Each structure stands twice: as C-alpha cells, then as structure tokens.
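Let me begin by presenting the structure, written as structure tokens, before commenting on it.
Nothing in this text is a laboratory measurement; each read-out follows from the coordinates by a stated rule. Since the structure is predicted, the reported quantities are computational estimates derived from the model, not experimental observations. Cβ placement follows ideal geometry from the backbone for every residue including glycine, while neighbour counts extend to all protein chains displayed.
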Amino acid sequence: MRILVTGGAGYIGSVIVKKLIENKHEVVVLDDLSKGHKAAVHPNATFVESGLKNLKDLDETFKQFNFNAVIHMAAYSLVGESVEKPGKYFRNNVIYGKSLLDAMLKNGCKKIVFSSSAAVFGEPKSVPIKENDPTIPTNPYGESKLMFENIMKWYSKAYGLEYTSLRYFNAAGCDEEYGEHHDPETHLIPIIIQVALGQRDYISIFGNDYPTDDGTCIRDYVHVSDLADAHILALRKNGIYNLGSNEGYSVKDIIEAAREITGHKIPAKESHRRPGDPAVLVADSSKIKKELGWNPQHDLKSIIKSAWLWHQKNPEGYKE
Ligand code: UFG
C-alpha cells in the first residue's frame with residue numbers, strides 16, 4: 001500500500017515507518033519537524049517537510065501520491081502543557097486534524113489509522129479499562145483526542161470514512177535505531193535514564209498521595225515496537241482498540257526497575273502532583289489481540305533495557 005504517515009519523524013512515528021517499510025509498504029512522511037527529527041525519518045521513506053496547517057502542501061501531497069491510507073500521528077501530546085495551553089491542543093490536534101480528513105476525502109483516500117490515547121478515558125471507574133468504558137478526559141490533550149475520534153465517527157457515517165483508532169497507553173522503550181528524543185523531555189522513563197547517564201541529578205516523583213499502594217501514579221507501559229506492529233495490523237480492520245500491556249506499574253516501580261537495569265542509584269525526590277494526571281491507567285487490550293492477533297513481545301524490563309541501550313548510544317539524542 002502507499003501510506004502517508006503524518007508525524008513520521010517523531011518518536012512513535014519513526015518506528016512505525018520502519019515497520020511499514022519492512023512490510024513492503026511505500027511510505028511518505030509529512031512532518032514539520034516542530035517536534036520530530038530529520039534523522040528519525042527512514043532513508044527509504046519520501047519526506048515532505050510540512051505541517052497540516054499548510055493546506056496547499058497537504059492537497060498537493062495527496063494529489064501527487066494517491067494514498068491508499070493515512071496513519072495520523074502528528075499531534076501535541078503533553079498532558080501538563082495541555083492544561084496550561086488548551087487552545088494550542090485544540091488547534092493542532094482537532095482543527096488541523098480535520099483539515100487532514102477533508103484533504104483525504106477530497107482526494108479519494110478513505111482509510112485512516114489514528115493515534116489516540118488512554119487519556120480519552122480520564123479517571124477510570126475500574127481497571128483494566130475496556131474500549132467501551134466511559135470517556136471523560138481530565139485534560140485538554142485527552143479531550144482533543146476524543147474530539148477527533150468523534151469527528152471520525154461522524155465522517156464515517158456521512159462520507160464513508162474508514163477509521164481505526166488506537167488508544168495508546170504509555171508508549172515507552174526504543175527501537176535499536178530509532179529512539180525517544182523530546183525537547184524538553186517530560187516523560188518518566190527517558191528522564192530516569194538521563195539521571196542514570198549523569199545528565200540530571202535526580203528524578204522528581206509527581207505526587208505521593210494518590211490512592212495507590214505506594215501513593216504514586218500507576219501507568220501501563222507498552223513498547224514502541226509493539227505499538228508499531230499494531231498499526232500494520234490496523235490497516236486491515238476498522239475499529240477502536242486499546243494498546244497496553246494489561247500490567248500497571250507505579251512511578252516508584254519504574255524507578256526501582258531502572259536502578260536494577262542501569263546499576264545507577266537514581267536519586268528521587270518526592271514533589272507535588274502534576275495537574276491533569278489520573279491516578280491509574282491500565283489497559284484491557286484483549287480486543288485487539290483477539291480481533292487482529294496483536295502479540296506484544298516486550299515486558300517492562302525489556303522496555304527499560306531497550307531505552308537504556310539507545311540512550312547510551314545516543315546520549316544527546318538525534319543530531320538533527
Ligand atoms: N512522572 C513523574 N516524574 C517525571 C515525569 C513523570 O513522576 O519527571 C510521572 C507522571 O506524573 C505520571 C507518570 O510518571 O504519573 C508517567 O508520566 P509520563 O509523562 O511519562 O506519561 P503520561 O502518563 O503523562 O502520558 C503518556 C503520554 C500521553 C498519554 C498517556 C496515556 O505522554 O500522551 O501517556 O497514558 F496520553
């Protein structure tokens with residue numbers, strides 16, 4: 001298939017592009033490099049340096065390549081920032097996303113695989129979370145992802161759009177070649193690794209009074225390569241799927257596991273809660289396993305090990 005990957009120069013997008021190319025698909029990456037890195041674009045992908053707000057480039061790209069499907073990754077994704085700057089999130093993730101859908105339909109492309117998020121659920125009533133559990137986001141980031149899911153739903157009824165929404169829980173770990181480089185870094189595992197590499201003095205634990213066994217937030221960490229596999233499968237079937245490991249680990253569990261793997265003390269300091277953080281997010285991913293045969297390969301140790309390896313090889317991240 002000929003596939004457009006928006007945000008294909010980003011952390012998850014770069015690994016998806018690699019898998020698509022390994023699976024003999026033809027790939028065009030559209031990325032404005034506001035968050036992504038040129039060095040993260042696979043050499044066999046065609047790279048268009050532009051963003052979804054540039055309607056002319058978008059339309060021309062569709063006209064030039066006649067895509068069979070789109071994998072839509074381009075978005076802002078920081079929970080904390082979205083609470084402070086909601087307008088930025090609704091503009092980029094919803095309004096520009098709708099431009100993408102309009103460009104697709106105008107040019108006869110009907111299939112989209114969308115990077116959605118566990119953040120659409122908000123504070124879950126019960127865990128593990130199933131796809132049809134209530135969606136009440138606790139931050140504008142999650143709200144923007146849910147709004148886009150709803151737009152796809154109505155576009156599917158009105159215009160025959162075919163969509164698969166993949167609700168990622170916490171993407172983590174690295175491919176051997178393609179890793180995680182955010183500027184500034186805000187995610188737990190890469191920050192812990194920066195401490196192990198001596199680039200930071202300590203890790204701050206955001207909140208110690210959550211209703212969990214050790215008082216810190218619990219998340220479901222899923223390896224970026226396993227996430228990427230799910231996108232290849234999702235090209236075949238429409239639907240909404242959770243992507244997680246069914247296992248929850250607290251912030252303190254992650255720090256402890258990283259201490260074992262890196263052999264570094266990783267000093268930690270307890271700090272105040274980060275606005276917008278739900279206490280517990282753990283996926284029930286049985287639907288995608290059953291319907292699409294998704295078969296994740298990595299556990300928490302392998303996630304942290306893979307990140308530790310990539311960051312040791314690339315201590316400054318990508319050079320461009
Ligand atoms: N945390 C710390 N200290 C840090 C950084 C994070 O204690 O320095 C905590 C957070 O408060 C949270 C947990 O570690 O409890 C994980 O935080 P991340 O920032 O790594 O990830 P999030 O859970 O906030 O968000 C990630 C993605 C979102 C997605 C969400 C879904 O960034 O896009 O997972 O679970 F919505």
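Amide H of Ser204 versus every other amide H placed in the peptide plane: which residues, excluding those fewer than 5 positions away on the same chain, fall under 5 Å?
Counting only residues 5 or more places away or on other chains, the set is Lys269.
Out of all DSSP beta bridges in the chain, what portion is antiparallel? Express it as a percent rounded to 5.
Numbers: 2 of 41 bridges.
Around 5 percent of the beta bridges assigned by DSSP in the chain are antiparallel ones.
For Glu270 and Glu316, what is the calculated FRET efficiency with R₀ set at 25 Å and r taken between the beta-carbons, to the nearest 0.05? Before the final figure, lay out each step's value.
Values: r = 29 Å, r/R0 = 1.17.
Once the sixth-power term is evaluated, E becomes 0.30.
As a footprinting exposure proxy, order Met152, Met1 by other Cβ within 10 Å, with the fewest listed first. Could you put the intermediate results ahead of the total?
On the way: Met152 24, Met1 13.
Ordered by Cβ neighbours within 10 Å, fewest first: Met1, Met152.
What does the C-alpha gyration tensor say about the overall shape of the chain? Classify as rounded when a/c is under 1.5, otherwise prolate if a/b is larger than b/c, or oblate.
In terms of gyration-tensor shape, prolate.
Using only Cα atoms, find the angle between the long axis of helix 55-65 and the longest principal axis of the chain, and express it within 0 to 90 degrees, rounded to the nearest 10.
70 degrees
For the range 84-89, take each phi angle, set θ = phi - 60°, evaluate the Karplus expression 6.51 cos²θ - 1.76 cosθ + 1.60, and give the result in whole Hz per residue in order, putting x for glycine and proline.
The phi angles translate into 7, 10, x, x, 4, 6 Hz.
Could you pull out every residue, at least 5 positions away or on a different chain, whose amide H is within less than 5 Å of the one on Ile218? Hs are placed 1.01 Å off N in the peptide plane, and Pro or chain starts have none.
Val280, Leu281
Report, in deg cm²/dmol and to the nearest 500, the calculated mean residue ellipticity at 222 nm for the chain, where each DSSP H run with n ≥ 4 adds -39500 (n - 2.57) and the sum is divided by the residue count. Before the final figure, lay out each step's value.
Numbers: 11 runs with 117 residues, N = 320.
One gets -11000 deg cm²/dmol as the mean residue ellipticity at 222 nm.
Can you tell me the order of 261-274, 16-29 when each peptide is scored by its average per-residue count of other Cβ atoms within 10 angstrom, highest first? List each step's numbers first, then the result.
Numbers: 261-274: 14.1, 16-29: 20.1.
Taking the mean over residues of other Cβ atoms within 10 Å, the ranking is 16-29, 261-274.
Order these peptides, 279-291, 56-68, by their mean beta-carbon neighbour count within 10 angstrom, highest first.
On the way: 279-291: 19.3, 56-68: 16.0.
Packing proxy ranking, top to bottom: 279-291, 56-68.
Starting with the highest mean, order 72-85, 208-221 by the number of other Cβ atoms within 10 Å, averaged over the residues of each peptide. Let's see the in-between values first.
Numbers: 72-85: 20.4, 208-221: 18.2.
Result, highest mean first: 72-85, 208-221.
Taking the Cα centre of each part, how many Å lie between the range 95-134 and the range 174-205?
For the range 95-134 versus the range 174-205, the Cα centre distance is 28 Å.
Run the paramagnetic zone check for Thr186: 7 angstrom along Cα to Cβ, then residues of the range 107-142 with backbone nitrogen under 18 Å.
116-123, 137-142
With respect to the cross-link table entries Lys145/Lys287; Lys265/Lys301; Lys130/Lys237; Lys24/Lys305, which display a Cα-Cα separation exceeding 27 Å? Walk me through the numbers before you get to the answer.
Working: Lys145/Lys287 20 Å; Lys265/Lys301 17 Å; Lys130/Lys237 18 Å; Lys24/Lys305 29 Å.
The pairs that break the limit, which is 27 Å between Cα atoms, are Lys24/Lys305.
Give the angle, between 0 and 90 degrees and rounded to the nearest 10, that separates the Cα long axis of helix 300-313 from the longest principal axis of the Cα atoms of the chain.
So the helix axis and the longest Cα principal axis differ by about 80 degrees.
Karplus couplings for the range 3-12 from phi (6.51 cos²θ - 1.76 cosθ + 1.60, θ = phi - 60°), rounded to Hz, Gly and Pro as x?
Coupling constants for the range 3-12: 10, 8, 10, 7, x, x, 9, x, 4, 7 Hz.
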